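Trainee: Following this message is one structure expressed as structure tokens.
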Amino acid sequence: MSKVDVLLGLQWGDEGKGKVVDVLTPNYDVVARFQGGPNAGHTLEFNGIKHVLHIIPSGVFHPDKKNVIGNGVLIDPVIFEREIEGLWKKEVDATKNLFISKKAHLILPTHRLLDAANEQAKGNEKIGSTLKGIGPAYTDKIARTGLRVGDILEFDFRERFELQKFQHIRIAEMLDFDIDSFRIENMSLQEYEDRWFASLDTLRHFKLINSEYFLNECLANGLNVLAEGAQGSMLDIDFGSYPFVTSSTTVTAGVCSGLGVAPSKIDKVFGITKAYCTRVGSGPFPTELFDNDGDILRNRGNEFGSTTGRPRRCGWIDIPALKYACMLNGVTDLLVTKIDVLNDFETIKMCNKYIIGGKETEEIPFEFNSVEIKPVLNEYPGWQCELQGTPSFDQLPKNALSYLAEIEKAVHTPVKAVSISPDRKDVLFR
Ligand code: GDP
Ligand code: IMO
Ligand code: MG
């Protein structure tokens with residue numbers, strides 16, 4: 001009996017999960033996504049190719065590995081079809097090694113309508129959603145009105161679709177949303193709906209399965225499974241900076257419900273953090289930089305959203321948030337990405353504590369969104385040289401090793417690897 005290892009983001013997403021999953025995939029037989037949907041954008045780079053995945057697991061470029069979209073994931077068939085076509089262009093035939101849970105919920109075109117209507121209604125308080133329909137689709141799942149992948153095979157699917165659509169349109173009207181002018185990727189709602197139904201044919205070509213049985217059989221047969229997280233712990237529906245979060249359980253606990261594996265089956269938890277911090281969308285970000293240092297991080301780190309192209313907010317690494325995430329996830333191995341982005345800094349800063357209401361604290365307060373948080377920043381000397389070509393972890397510049405040691409000490413979790421470029425080949429394991 002083998003176990004499931006988990007890889008997830010410890011910050012506000014975009015930590016480099018896709019890249020690291022791709023690097024770790026040779027050690028596994030199965031890679032499985034357990035939550036999120038097309039709000040995710042996971043970038044992989046190798047042999048001069050750059051590829052962004054949204055719903056499909058990041059193991060898909062390894063033809064001998066199985067990839068599973070678990071029950072906890074949301075699927076928009078149009079985006080799914082586009083991803084499959086994108087893979088085709090790179091000569092990857094996902095029909096062979098991609099398995100999809102029949103229990104995964106569908107994102108309907110009107111979920112995207114509602115996402116936009118809800119955001120508009122929130123005005124200045126808007127979440128900054130990726131507008132992929134995530135919140136409304138998970139809302140229907142919890143309300144027990146959602147449609148699932150397996151339902152597309154049922155005779156009354158169209159009828160159930162129409163019922164849902166009717167309800168959604170009524171809500172959008174109540175919110176005074178201009179449905180006629182609404183566009184999804186330059187398509188009217190009706191055009192997108194037509195495309196949506198056409199793309200169900202692509203979905204039907206895949207192995208639609210009871211993925212909880214499939215995965216538990218894999219484990220019973222000694223296959224190694226890697227669960228790939230989307231978003232990050234600070235965007236978790238329970239523990240993130242609510243309401244500025246996504247609508248799923250992004251922490252390790254989500255693996256159990258999103259794949260149907262028992263807690264006792266979880267082994268290692270790889271927590272990914274950037275060597276600094278970013279966030280897209282609204283909500284608190286105590287270490288955010290509004291100065292030249294922030295611009296350096298954004299430009300050197302190419303911090304523009306993989307899904308929406310929005311500029312990411314940038315700041316120094318936030319240890320209280322990282323400690324919180326390590327605690328919630330039971331991180332066994334810390335993997336630090338994008339350390340090369342800090343190459344030019346003479347001095348690097350790290351937030352070890354917050355000052356809230358005149359008092360020092362290392363905890364994320366309940367009032368995270370409403371209180372003024374002043375980060376206490378410690379300074380560390382930079383290394384000011386390129387890292388490309390560093391042959392091994394131990395041969396990183398002395399100041400880079402000291403910086404990593406500080407992170408490790410602060411969060412009481414060992415750093416097991418560091419990533420020094422977007423490319424697959426540039427991960428240094430310890
Ligand atoms: P994910 O959502 O966690 O998979 O991360 P994204 O793909 O959204 O964003 C990470 C970005 O950083 C992508 O553009 C990656 O190609 C890039 N990246 C990943 N690791 C590194 C690294 O070590 N150094 C640099 N410079 N870029 C990296
Ligand atoms: P990956 O997997 C970064 C953010 C959005 C918004 C909030 C809610 O690539 O790390 P949603 O569309 O889920 O309703 O948006 O969450 N968000 C992400 N930020 N990376 C992601 O995914 C994200 N997925 C959602 O920007 O603030
Ligand atoms: Mg991303």
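Trainee: Quick check for me: using +1 on Lys/Arg Cβ and -1 on Asp/Glu Cβ, what's the dipole size of segment 105-202 about its Cα centre, in debye to the nearest 20?
Mentor: Approximately 360 debye in magnitude.
Trainee: I would also like to ask the following. Please report how far the C-alpha centroid of segment 255-318 lies from that of segment 371-389, rounded to the nearest whole angstrom.
Mentor: 16
Trainee: Okay, moving on. When the solvent-accessible surface of protein heavy atoms is calculated with a 1.4 angstrom probe, in what order do 403, 242 fall, highest first?
Mentor: 242, 403
Trainee: So how compact is the chain: Cα radius of gyration and Dmax in angstrom?
Mentor: 21.3, 65
Trainee: Angle between the Cα long axis of helix 319-329 and the longest principal axis of the chain, 0 to 90 degrees, nearest 10?
Mentor: The angle comes out near 50 degrees.
Trainee: By how many nm would the segment from residue 27 to residue 90 grow when fully extended, if each residue of separation counts as 0.36 nm and the alpha-carbon distance is taken off?
Mentor: Here the segment from residue 27 to residue 90 would lengthen by 20.4 nm.
Trainee: Here is a follow-up. With charges only on Cβ, +1 for K and R and -1 for D and E, what is the dipole size of the chain about its Cα centre, in debye, rounded to 20?
Mentor: 720
Trainee: Can you give the accessible area per residue of the chain, in Å², using a 1.4 Å probe?
Mentor: Using a 1.4 Å probe on heavy atoms only, each residue of the chain averages 42 Å².
Trainee: In sequence order, what are the phi-derived ³J(HN,Hα) couplings for segment 284-296 according to the Karplus relation 6.51 cos²θ - 1.76 cosθ + 1.60 with θ = phi - 60°, rounded to whole Hz, with x for glycine and proline?
Mentor: With the stated coefficients, segment 284-296 comes to x, 7, x, 9, 4, 10, 10, 10, 4, 4, x, 5, 4 Hz.
Trainee: Given the protein chains as shown and a 1.4 Å probe, how many square angstrom of residue 1 are accessible, to the nearest 10?
Mentor: Looks like 150 Å² after rounding.
Trainee: May I pose another question? Using Cα atoms only, what is the angle between the long axis of helix 157-174 and the major principal axis of the chain, expressed in degrees (0 to 90) to the nearest 10?
Mentor: That works out to roughly 60 degrees.
Trainee: Provide the per-residue ³J(HN,Hα) series for segment 27-37, in order, calculated from phi with Karplus coefficients 6.51, -1.76, 1.60 and θ = phi - 60°, each as a whole number of Hz, with x at glycine and proline positions.
Mentor: 7, 10, 9, 9, 10, 10, 7, 10, 7, x, x
Trainee: Further question: Mind listing the long-range amide H neighbours of residue 148? Cut-off is under 5 Å, sequence gap 5 or more, other chains count too, H placed in the peptide plane at 1.01 Å from N.
Mentor: Excluding prolines and chain starts, which carry no amide H, the hits are 106.
Trainee: Also: Looking at the chain only, what percent of DSSP beta bridges run antiparallel? Nearest 5 please. Intermediate values should be presented prior to the final figure.
Mentor: Values: 27 of 63 bridges.
Around 45 percent antiparallel, to the nearest 5.
Trainee: Could you tell me which of 308, 319, 336 has its Cα farthest along the dipole of segment 290-342 towards the positive end, charges placed at Cβ (Lys, Arg +1; Asp, Glu -1), taken about the Cα centre?
Mentor: It is 308.
Trainee: Note the angle between two axes, namely the Cα long axis of helix 77-89 and the longest principal axis of the Cα atoms of the chain, as a number of degrees from 0 to 90, rounded to the nearest 10.
Mentor: Result, in degrees: 70.
Trainee: Could you look at the chain and say what percent of its accessible area is carbon and sulfur, using a 1.4 Å probe and all protein chains?
Mentor: Answer for the chain: carbon and sulfur cover 50 percent of the accessible area.
Trainee: Could you run the Karplus curve 6.51 cos²θ - 1.76 cosθ + 1.60 with θ = phi - 60° over segment 416-426 and give me ³J(HN,Hα) per residue in whole Hz, x for Gly and Pro?
Mentor: The phi angles translate into 9, 7, 9, 10, 10, 6, x, 7, 3, 6, 9 Hz.
Trainee: Efficiency by 1/(1 + (r/R0)^6): what FRET value for residue 181 and residue 143, r their Cβ-Cβ distance, R0 = 41 Å, to the nearest 0.05? Before the final figure, lay out the partial values.
Mentor: Working: r = 28 Å, r/R0 = 0.67.
With R0 = 41 Å, the Cβ-Cβ based efficiency is 0.90.
Trainee: If amide H atoms are built 1.01 Å from N in the plane of the peptide, which residues on other chains or at least 5 residues away come under 5 Å of the amide H of residue 32?
Mentor: For residue 32, whose amide H was placed from the backbone, the distant partners under 5 Å are 68, 226, 227, 228.
The values are calculated or read from the model by the stated rules, or taken from the named source; none is laboratory data. Worth saying up front: this structure is predicted, and the values here are computed from it rather than measured. All Cβ positions, even for glycine, are placed from backbone atoms using ideal geometry, and neighbour counts span all protein chains on display. Just the protein is used for accessible areas: all its heavy atoms, side chains included, with ligands, DNA and RNA removed. Shrake-Rupley method; radii C 1.70, N 1.55, O 1.52, S 1.80 Å.
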